[in-house]
Structures are given as C-alpha cells and as structure tokens.
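The values are calculated or read from the model by the stated rules, or taken from the named source; none is laboratory data. Quick caveat, the model's predicted, so the values are computed rather than measured. A quick note on method: Cβ atoms are made from the backbone with ideal geometry, for glycine too, and the neighbour counts reach across all protein chains shown. When the accessible area is computed, the model is the full protein with side chains, heavy atoms only, and any ligands, DNA or RNA have been set aside. Shrake-Rupley method; radii C 1.70, N 1.55, O 1.52, S 1.80 Å.
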Amino acid sequence: MRTVVLLAVVLSTILGGCSTLDAPRRLQVVVAPHPDDDLLGIAAVDDDDYTVWVVGTQGESTGYCEPDLLRPSVTSLGEWPVPTPAGRQSAECRAARLASWLGFHRDLSDRQGSDAFGAEAGQLPELQAVPAPELATGMVPRSTDTDDQASPILYSAGADAALVAFDGGDGNLTADEVEYMVAWVLAQRGTLLPELDLSRIIGASYFNDPSRVVATPDCRRELCTGNSAFADYPHPDHLAVSSALAQNDFGAVEGNLVATWPRPMAITYRHALDEDAYCSLMCEAPDDTGVPVGLMQSWYGWLAFPGDHWPQTEVPVQAGNGRALIMSRQQAFLSYYGAWNRVAP
C-alpha cells in the first residue's frame, strides 16, 4: 500500500507568474463529471496534444463514502482513501475523491514519461485555487442551488497536461455550468495554459437511458435515446456534460466528442485502447510492490462497482447482477461541430 500525503490546496488569488509552458502542438480538453470518470473518454485522447483534464464535481455524493459501504480491498485492489471519508457530502469525502483523482493522474503522467505535475514519490500534485469569476457564457458552478458563493477553481499545471477541478455539485451539475468550465479553461491559454490551437473537446460522460428516466425538455434527441443492449447508465451529471458539448461550438478544430453507447458508424467515431494501455488502467495483477498494475484499480478501487474491483469489458454492457460495466476498452463517441462533425447541430 502506498503512502500518500493529505490533499493540499494552496490558495492563490491570481494566475500571474505562471509562465507559458513548452508543450505539444495543440491542446485538448477532457471533461469528466466525477473524479474516476476519465477512463470513459481516454481512448479518444491524442497523446501528442497537451491535455487539460477537467472534473466537474468532487464526487461527494457517492455512497462509498458511507462508513457501512467503505471497505478496504482485501486483495490490494484499491488504495485506501485519504482522508477516511465521513459520509456523503462530508469534507473528508470530497478530499478523498480529489486525492484519488490526483493520484491517478500523477501516476498516469509518470508512466507517460512526463513530470507527474511536480509531485515527488509518495506525494500528490499540489492544487492551487482561484476565485470563479463571472463569464459572458455559461453559469458559475455551485455545489448546490442554495449556495451564495461559488467554490474556488482548483488547478495544477504540468509540462504536458493540466488538472482543473470545479465544484458543480455531485448530482446537481448542469449543462450551463459545464459550458462555463470549458470557457474558463480556454480563457487560460497564454497564462496558466500554453497558447495552442484547440484540437478537440472530449466528454468522458457515457450516458445511456433506454427507460428515459433522466430526460429533460431541452435534451437533444440523440442524447436522450438509449439502447438496452448496452450498459444502462442514466446519470444526470453525465447528461449535463454531454448536453453542454452537444449544444456549444467552442471552436475545436476537430470538434466535440461525446462518449456514448456503440451506435451506427454514420454518427459516431470508434476509438479503442490497445491491450497494453487498457491493462495499465484496468489489470488487477500486482506490480513488484504489490499494487495493482491498473490505475483504475489502485486509485479508484474503493469506488469500484459492481463489486470490489472494476471489471474489464470490451464494450459497455450490463453485468449479470444488473450493474453497468462502463469502463470499456472500445469506446464510441458522438461528434459535434468541427471537421469531425457527424451529428447535425
């Protein structure tokens, strides 16, 4: 079991002093609803681009933060969360979710030969915080509808990637808030982020609602349809991310890609991780330190469903116990705007 330090958040009120970083030719943005959803869009990531990993909520509503559901892995399939969560909505739950997210991306960066966001071994990347300003587009994210003040935006910028965490409220995220998140990130080019052309925006937001339990009046038809042959996952936060990318052209050269269930090739792009890359995320076999090779298992194992680990699957399907297997090797994406548009705006 690895030793990690507590999540450190360093408050800062300005972005000045952050030099523009040398980076690959273009910039791509991956938007995930919760800390642990990144894998839902990772197959579409271009390894040559500078990647901004955005998370829209802090995952504070998960039942796995409840003492009766929180469990260590008896087979080393999950890093014990630090700090120990004290129930849904607790500060410890938020911190534990973000710490797992930071650990996952630190190790992902390190395996890719990059700088691990400046974190030493046994430490997590340090997040800095800035106030969330009003923008001309979207709505400032708030954890609940009654919050008078928005939470700060947290970030860490590395040589080849950046991490940005918002607090849109787990279970309360809206498309307008996601629009704000993307707009804020793009406005940081030349300061916090390198000044690069935007290649693509990826929604790591798999959503399938064959029973139409979450559909909203303004939901685009293709988003709110479903297919019972694939994993049933009607999470409203996932729909918020998908809807924001379907409704807004942010100027990405290739456009916006939105994770979905496998559909006809006429309207989707298919991407797949190779076997080794998928194993590096999902394999349960231990490395020489006894920690699972798969980063999803080692950092997010305490959040795994439908059991005590994340099952591998080729495509998103329902498990025998009725739970959704969504962390698939092959991934499909609806495409909006830009050169890759296959869905009429």
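Among the criteria (1) touching a residue at least 12 places away in the same chain (Cβ under 8 Å); (2) assigned to a helix (DSSP H, G or I), the one ASP110 does not fulfil is (1). Scanning the range 258-272 for residues that are in a loop (DSSP other than H, G, I, E, B), touching a residue at least 60 places away in the same chain (Cβ under 8 Å) and either open to solvent by less than 40 Å² (accessible area, probe 1.4 Å) or not small (Gly, Ala, Ser) (or both) returns TRP261, PRO262, ARG263, ILE267. When residues in the range 273-284 are screened for being open to solvent by less than 60 Å² (accessible area, probe 1.4 Å) and of a type outside the set (Ser, Thr, Tyr), 6 of them pass. Listed conditions (1) closer than 30 Å to ASP249 by Cβ; (2) at pLDDT below 95; (3) β-branched (Val, Ile, Thr) are all met by VAL130, apart from (2). Can you go through GLY251, GLY255 and tell me which one is open to solvent by 10 Å² or more (accessible area, probe 1.4 Å) and at positive phi? After ruling out the rest, the residue left standing is GLY251.
Restrict the check to the range 295-305 and report whether at least one residue is in contact with a strand residue (DSSP E or B) (Cβ under 9 Å, 6 or more places away or on another chain), closer than 18 Å to ILE201 by Cα and assigned to a loop (DSSP other than H, G, I, E, B). No: the range 295-305 contains no residue that is in contact with a strand residue (DSSP E or B) (Cβ under 9 Å, 6 or more places away or on another chain), closer than 18 Å to ILE201 by Cα and assigned to a loop (DSSP other than H, G, I, E, B).
ASP237: closer than 25 Å to ARG342 by Cα, in contact (Cβ under 8 Å) with a residue 60 or more places away in the chain and of a type in the set (D, E, K, R), yes or no? Against the criterion (closer than 25 Å to ARG342 by Cα, in contact (Cβ under 8 Å) with a residue 60 or more places away in the chain and of a type in the set (D, E, K, R)), ASP237 qualifies. For the residues ALA332, ALA324, ALA319, the requirement of being among the small types (Gly, Ala, Ser), surrounded by fewer than 24 Cβ atoms within 10 Å (Cβ to Cβ) and touching a residue at least 24 places away in the same chain (Cβ under 8 Å) singles out ALA324.
Applying the criterion of being of a type in the set (Gly, Ala, Ser) and without any contact (Cβ under 8 Å) to a residue 24 or more places away in the chain to the residues of the range 292-316, the residue that is surrounded by the fewest Cβ atoms within 10 Å (Cβ to Cβ) is GLY307. The residue list ALA324, ALA246, ALA339 contains one member that is modelled with pLDDT of 90 or more and touching a Lys or Arg at 6+ places or on another chain (Cβ under 7 Å), which is ALA246. If you take the residues of the range 90-113 that are surrounded by fewer than 19 Cβ atoms within 10 Å (Cβ to Cβ) and polar (S, T, N, Q), which of them is nearest to TRP302 (Cα to Cα)? Ranking the qualifying residues of the range 90-113, first place goes to SER90.
Reported count of residues in the range 22-50, each being of a type in the set (Val, Ile, Thr), in a strand (DSSP E or B) and open to solvent by 10 Å² or more (accessible area, probe 1.4 Å), is 0. Of the residues examined, THR84 is one that is at pLDDT below 95 and either farther than 24 Å from LEU281 by Cβ or among the small types (Gly, Ala, Ser) (or both). Residues of the range 207-232 that are part of a loop (DSSP other than H, G, I, E, B), open to solvent by less than 30 Å² (accessible area, probe 1.4 Å) and touching an Asp or Glu at 6+ places or on another chain (Cβ under 8 Å): ASP209, CYS224. For the range 116-149, taking the residues that are of a type in the set (Asp, Glu) and out of contact with any strand residue (DSSP E or B) (no Cβ under 9 Å at 6 or more places or on another chain), the one that is nearest to MET181 (Cα to Cα) is identified as GLU134.
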